[in-house]
Amino acid sequence: MIRYIFILLFIGSVFPCFSQKKYTLSGYIRDMRTGENLIGANVFDKNTFLGNVTNKYGFFSVSLPEGKYTIVFSYVGYNSMDTTFLLDGDKKMSVLLESGTVLEEVLVDSEYDHLENTQMGLVSIPIDQVKLLPRFGGEVDIFKVLQLMPGIKNGGEGSSGLYVRGGGPDQNLILLDGVPVYNASHLFGFFSVFNDDAINNVEVIKGGFPARYGGRLSSVIDMTMKEGNMNKFNVSSTIGLVAAKVTVEGPIKKNKSSFIVSARRTYIDLILKPILGSNAFNYYFYDINAKINYIFSPKNRIYASFYMGRDYFFSGNKINRISTLKVKNSEKQDSTIYVSYNSDSENEISWGNITAVLRWNTVLTPKLFHNLTFTYSEYNFSSMAKQTIVSENTTYIDNSYSRTEYSSGIQDLGLKTEFEWDPNTHHSFRTGGNVTHHTFRPGVASQSSSFKKDTTTGNSQISAMEFAFYVEDDYKITRRWRANIGIHTSGFLVDQTFYKSIQPRISIRYLFPLQTAAKVSYSSMVQFIHLLANSGAQFPTDLWVPATKKIKPQESQQIALGIVKEWKNNTYETSIEAYYKTMNNVIQYKSGASYIALTESWENKVLAGNSTSYGIEFLIQKKKGKFTGWIGYTLSKTERVFEQLNNGKPFPYRYDRRHDISVVAQYQIKKGINISATWVLSTGNAITLPQEKSQDHKTVNTTGLSEYDLIYHPLVERVQPTPEFSDLIASTGLFTKYDTKNSLFYYGSVNSYRIQSFHRMDININFTKKFKWGERTWSVGAYNLYNRANTFYISLEYTPDNNPYFLQHSLFPIIPYFNFSISFK
């Protein structure tokens, strides 16, 4: 069947070539001021609307019959340009577009026109627009802007984690210049690792995945780094409430080669050190982005990019105490002994990513573009805890020490080759393959002390090979019908076990009159790696592990359909999309298990289950004018099933939120002054809370039962609700009495309670002024403007008379912030 489909596609692609002599217009579209490639820029004939878009490297290729054409070049936020000429042979063009003097385009736009594109679950956000929106602590965060889109949820208050259509953070393929980034968070998840000053383009795909992407189930977040100004040097710097950053870019050889280096670092440690002391607390994170590129010829170009980021946390405690003791000697006379006690304890945690890319672009023919890429990616986590105790008096000295170290991580080496072929205006073919060598380190701990000899425990290093090959065709069947059809094949070799997969992908669009399009898509995805998470949010202690003979790869099937409409000259756009997704072989720790117990293999500490997610996403946008913005709403449900949990019955995923609303507004008050605000509202996270307790756990038979599976017993008494806490947690109240020695909890159904609904408003104002020497911007605003006490977590506490109750903990009150940036030409 697949063979016949591709034979028909090939015939469809070559048949139009015989009907009339055609020539190819090809080249690059770049920013006039900086020389940066413009990704997803439109190239089309003004009369027939036949055309194409630029790829990730700014390259385009359009084949048209011989004749006279007016070709339009356009890009979001740039002044359009058109040129009229006679196409009587293959032509090459280098197009420079000028940024608009007043940016009036949409905050969020598709790769190109939503009506033309076959995909609906695709979003592209211009970085210049990201910088105008409110930010957490004054720090621009790309991921927090993505959380404002339908179908993309955050992990909780302040979190930068992304949960897309019922998936977890490990199911997002996060690419930086084509290289996977495994842990995308700083400050335990409150900031993402991506510096906006170093990023050129961000594209997110939630459904209808093209065949060129693979290896994850829920989304693709594809980020491209800036390449550096090819025309002149530029230095910019930003100082905010949390961090400072500096960016330097410029030509190595004008119009031939350029570079960019951008660095960011927090200064929390510098502020707290004089207050707490250098031995009490220390935390900071930093990241560095660097890229160079060189144009050898109009057909050949080489890129090299690098990223390194790291978090470092330290806490220490020193105790120095001298005391005196009065004792009687052998002659029963009083004497004084001086006792000295010195304790020095230290705890260090460090984690971070490194990525590197070497890429060669070549234009083999005006219709054929090739890309060869070498990639390296590494994520590692390490922790250390040590304590030294020295105790002495007039008669003896006692020294003791203990030290524990733990480390885990993953390392990738990859090679990728890609071809893009545009034989005519009806077909755009892509094909390629890649091979990746994975090295997993699931966790190793070493211990040493003065009381026992050194020991090392943990899971051994695991190596695996991953292979992939794909072919896809974007086929313009007629003016109204268009399809993207492809096949992604992959394989995974680990411990003499080989998994293989064939994943069909198809997206179809039908264009109605009155600027309306209907779209439908089907995607099959396979993921060969897993993330063992100790908590809901992605923490540095989470472990990346491979599929093995015992642990199967994750699989998903997703169907989506929707309608998009534009009106009033593309000023407004509305869309509605429904999806249904199943995921198999998702894993999680067994109850009570974690990464700490290294004497047992990680394979024996996990459960495998299935997940179902479905929902409807609404989006309405105003895309032009001084006032722009959007309203997004998601109605969804996600359930998971594990045979050994909840009696095998479905339960809500922790981040299942039935309702999720986001409102984003931006207003250009006047030239140089912009105000923006966001408001979000969502159903609270699902959590598990105790429902019953026993008076005497010895009388309750719990053999073979986990804490989630305790059956009802006559000696187990019901938890009685109390009015004081009914507003906090519905149907949850106080225990009548609690005794730590004689109690056993019954938790009932997994995730059967909801925390309070989450809502928050943020605001930001930018004051920008241009000078002959450059530009400066003041940004002021507030996070959580009306001081909403959103729930961060719930704990079980006790009254003075030992009555237990549930207590809500909030994390962030209103947080005013400022940000000052300056740029020198």
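The values are calculated or read from the model by the stated rules, or taken from the named source; none is laboratory data. Computed from a predicted model, the values in this text were never measured in an experiment. Glycine also receives a Cβ, built like all others from the backbone with ideal geometry; neighbour counts cover every protein chain displayed. Only protein heavy atoms, including side chains, enter the accessible area calculation; ligands, DNA and RNA are left aside. Shrake-Rupley method; radii C 1.70, N 1.55, O 1.52, S 1.80 Å.
Mind listing whichever residues of segment 49-97 are among the aliphatic types (A, V, I, L, M) and under 21 Å from K256 (Cβ atoms)?
M93, V95, L96, L97
Are any residues in segment 163-188 open to solvent by 10 Å² or more (accessible area, probe 1.4 Å), of a type in the set (A, V, I, L, M, F, W, C) and farther than 30 Å from E249 by Cα, and if so, which ones?
Matches in segment 163-188: F188 only.
Given the conditions (1) over 22 Å from Q147 (Cβ atoms); (2) in a loop (DSSP other than H, G, I, E, B), report the number of the one that G250 does not fulfil.
(2)
Tally up the residues in segment 633-680 that are open to solvent by 70 Å² or more (accessible area, probe 1.4 Å) and in contact with a Phe, Trp or Tyr (Cβ under 7 Å, 6 or more places away or on another chain), please.
Total satisfying the criteria: 1.
All but one of (1) among the hydroxyl-bearing types (S, T, Y); (2) touching an Asp or Glu at 6+ places or on another chain (Cβ under 7 Å); (3) modelled with pLDDT under 85 hold for Y4, so report the exception by its number.
Single failed check for Y4: (2).
Could you give me the residue pairs with C-beta distances under 7 Å whose first residue belongs to segment 772-792 and is in contact (Cβ under 8 Å) with a residue 40 or more places away in the chain and over 26 Å from S810 (Cβ atoms), whose second residue is open to solvent by less than 20 Å² (accessible area, probe 1.4 Å) and assigned to a strand (DSSP E or B) wherever it lies, and which are 6+ apart or on separate chains?
Cβ pairs passing all conditions: T777/N766.
In segment 459-475, what residues are part of a strand (DSSP E or B) and buried (at least 19 other Cβ atoms within 10 Å of the Cβ)?
Selection gives A464, E466, A468, Y470, V471, E472, D473, D474, Y475.
If you check every pair at least six apart or on different chains, which have Cβ atoms under 7 Å apart with a residue in segment 65-93 that is touching a residue at least 60 places away in the same chain (Cβ under 8 Å) first and a residue that is among the aliphatic types (A, V, I, L, M) and surrounded by 13 or more Cβ atoms within 10 Å (Cβ to Cβ) second?
Qualifying pairs under 7 Å: L87/L25; L87/L64; K91/L25; M93/L25.
Within segment 386-445, which residues are in a loop (DSSP other than H, G, I, E, B) and surrounded by 18 or more Cβ atoms within 10 Å (Cβ to Cβ)?
T425, H426
Okay, residues lined up against (1) out of contact with any Phe, Trp or Tyr (no Cβ under 7 Å at 6 or more places or on another chain); (2) farther than 29 Å from E378 by Cβ; (3) assigned to a strand (DSSP E or B):
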site	(1), (2), (3)
K519	yes, yes, yes
T548	yes, no, no
I551	yes, no, no
Q558	no, yes, yes
I563	yes, yes, yes
E573	yes, yes, yes
A578	yes, yes, yes
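Hey, among F209, F191, which residue is open to solvent by less than 10 Å² (accessible area, probe 1.4 Å), in contact with a helix residue (DSSP H, G or I) (Cβ under 9 Å, 6 or more places away or on another chain) and at negative phi?
So the residue among F209, F191 that is open to solvent by less than 10 Å² (accessible area, probe 1.4 Å), in contact with a helix residue (DSSP H, G or I) (Cβ under 9 Å, 6 or more places away or on another chain) and at negative phi is F191.
Can you confirm whether Y786 is assigned to a loop (DSSP other than H, G, I, E, B), farther than 30 Å from K232 by Cβ and hydroxyl-bearing (S, T, Y)? Before you say what the answer is, go through the steps one by one.
On the way: assigned to a loop (DSSP other than H, G, I, E, B): yes; farther than 30 Å from K232 by Cβ: yes; hydroxyl-bearing (S, T, Y): yes.
Considered against the rule, which asks whether it is assigned to a loop (DSSP other than H, G, I, E, B), farther than 30 Å from K232 by Cβ and hydroxyl-bearing (S, T, Y), Y786 comes out as yes.
Failed condition for G615, given (1) at pLDDT 95 or above; (2) open to solvent by 20 Å² or more (accessible area, probe 1.4 Å), with all others met?
With respect to (1) at pLDDT 95 or above; (2) open to solvent by 20 Å² or more (accessible area, probe 1.4 Å), G615 is out only on (2).
Which count do you get for residues in segment 792-819 that are surrounded by 16 or more Cβ atoms within 10 Å (Cβ to Cβ) and closer than 21 Å to P134 by Cβ? Talk me through it step by step, then tell me what you get.
Taking segment 792-819 as the starting set, the residues that turn out to be surrounded by 16 or more Cβ atoms within 10 Å (Cβ to Cβ) are 793-794, 804-806, 808, 812, 815, 817, 819.
From what is left, the residues that are closer than 21 Å to P134 by Cβ are 812, 815, 817, 819.
Qualifying residue count for the region: 4.
Of all strands (runs of 3 or more DSSP E) completely enclosed by segment 129-242, which ones contain at least 2 residues that are in contact with a Phe, Trp or Tyr (Cβ under 6 Å, 6 or more places away or on another chain)?
Hits in segment 129-242: 234-240.
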